[in-house]
1. How many residues, within region 165-196, are part of a strand (DSSP E or B) and either within 13 Å of the chain's Cα centre (by Cα) or in contact (Cβ under 8 Å) with a residue 60 or more places away in the chain (or both)?
2. Output the number of residues of region 53-108 satisfying the condition of being over 19 Å from the mean Cα position of the chain (by Cα), farther than 21 Å from Q30 by Cβ and of a type in the set (A, V, I, L, M, F, W, C).
3. Would you confirm whether any residue within region 105-113 is among the small types (G, A, S), at pLDDT 95 or above and loosely packed, with under 14 Cβ neighbours inside 10 Å?
4. Out of (1) touching an Asp or Glu at 6+ places or on another chain (Cβ under 6 Å); (2) closer than 17 Å to L168 by Cα; (3) of a type in the set (A, V, I, L, M, F, W, C), the odd one out for W70 is which?
5. Among the residues of region 153-164, count how many are in a helix (DSSP H, G or I) and within 22 Å of L126 (Cα to Cα).
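The values are calculated or read from the model by the stated rules, or taken from the named source; none is laboratory data. All of these numbers come straight from a predicted model, not from anything done at the bench. Note: ideal-geometry Cβ built from the backbone for every residue, glycine included; neighbour counts use all protein chains shown.
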Amino acid sequence: MISLAAEFGIPPERSALRSGFLGWQCRVRQMMMREGGGRPSDAVMPEVTLDGEDAPLGRIITVLSKAPAWSVTPELTHIAKKTNDPMKWREEALTFFSATYFQRPHEFSDILTASFAPGSEGAARLRAAPGVTLSFDAYGQRYDLSCKVWKLARRNPLRAATIAHNRLFNPALHPDADILGFEPDWEKSTADPAPA
């Protein structure tokens, strides 16, 4: 496996935090698909707190996508094209995500995404903030990720992956949905307990 500390100059304890988070997210998302029928749990719905504020703005549903080198966006798009029945989309998506999809955490981008209705005031507030903290707290594990927020351009592969993923579970997803990316600053982020 690639050593992020060596490759990108990430201090070993920060690399462990990133790897620990991605491994934890893969485990909880696989459980969500296998045991929860794909319904989002607290483990994937962090509280969002704007920098400089004490109270959370609310919760968002995040998507964890494969990094572009391991993208499965064409496969997700194909599921939706095979039939016009959204129930079949959901069934096939659950089978796909429940199998081996989440078993290689190193294949995932650490940039989380979330979709918002076009012109969403909440999305505008998130983008206007100097940064946000995403607080994940479930199964005896807590991660507080200090993130930069940006709106993903139409050509961004994580935007395409998010649209393809979310459409399988929400066929009413607006085609012009705003997709925000949350890029963690691993130097400022924390975990309790800390990953080994």
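1. 9
2. 3
3. Among the residues of region 105-113, not one is among the small types (G, A, S), at pLDDT 95 or above and loosely packed, with under 14 Cβ neighbours inside 10 Å, which makes the answer no.
4. W70 satisfies all of (1) touching an Asp or Glu at 6+ places or on another chain (Cβ under 6 Å); (2) closer than 17 Å to L168 by Cα; (3) of a type in the set (A, V, I, L, M, F, W, C) except (2).
5. Summing the residues that are in a helix (DSSP H, G or I) and within 22 Å of L126 (Cα to Cα) in region 153-164 gives 7.
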